[in-house]
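Dropping a structure here in C-alpha cells format, bear with me for questions.
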Amino acid sequence: MGGDFTVEQLQYWFPYLYKKRGLKLKDTVDTPPRVAGARVEHGIPVKDGEILKLFFESVNSDWAQGVHLEIDKSIVIKGIEYRTGIVIFSDAKHPELPVLTCRTKEGMLWVWNVWDYHTSSPDQQRRSVMSKELYCGMLVEELPNGDRYRCNEGRDDDDYDDLIFRIERTSREA
C-alpha cells in the first residue's frame, strides 16, 4: 500500500492530514485524485466566531452525499456545539442549512466530501460512510464570498458531479 508521491502532491491533496502525519501519510495513500487540480481536503481560513453558510446545490448519485467539516475547537449549528467536527449529509428538502459558527484558535476550517457507500448486491448489503479514498476528490472554485466544491465519490468515473456544494462567508461574526 502507498504510492510514490512527492511531498508537494501530498501537501496539495491532503493538507490537513499532511500537517498531522507528515511523510507517514505517504505509506497510506494509494488512490489519490486523477484529475488535475483536484484535491481531497481543502482549508478555509476563518476567524474565531466567523459565521459561514453551507449550501447543497446538487447531488447526482444513488449514494447519500455529504460534507465533513473539521476545526480545532468547535462548530456551532443552531446552538449545538460540535467538538472538532461534524458530517452533514445533503437533504433535498433542506438545501440551505443554518449558519455555522466557527470556534477556532488555529484559524482553519477543513472540508472534504463523504458518501454513504453501499453495495448493490442484495446478498451483501454492506453500508459505510467513506471519504478520502478510491480516487475521490473535489474541484474547488473560488467565489467572491466563498468556495464551490464539485465532488467525485469513490466510484471510478472522475465526473466530479456526485455532489456540488458551496460554503459562503457572511458579513457577521458571533
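The values are calculated or read from the model by the stated rules, or taken from the named source; none is laboratory data. It should be emphasised that the depicted structure is a prediction, and the values quoted were computed from it without experimental measurement. Please note: Cβ atoms are built from the backbone with ideal geometry, for glycine as well, and neighbour counts cover all protein chains shown.
Look through the range 1-37, keep the residues that are outside any helix (DSSP H, G or I) and under 16 Å from the mean Cα position of the chain (by Cα), and return whichever of them is modelled with the lowest pLDDT.
The selected residue is 32.
Just need a number here: residues in the range 46-86 that are touching a residue at least 40 places away in the same chain (Cβ under 8 Å) and at positive phi.
Final tally of qualifying residues: 1.
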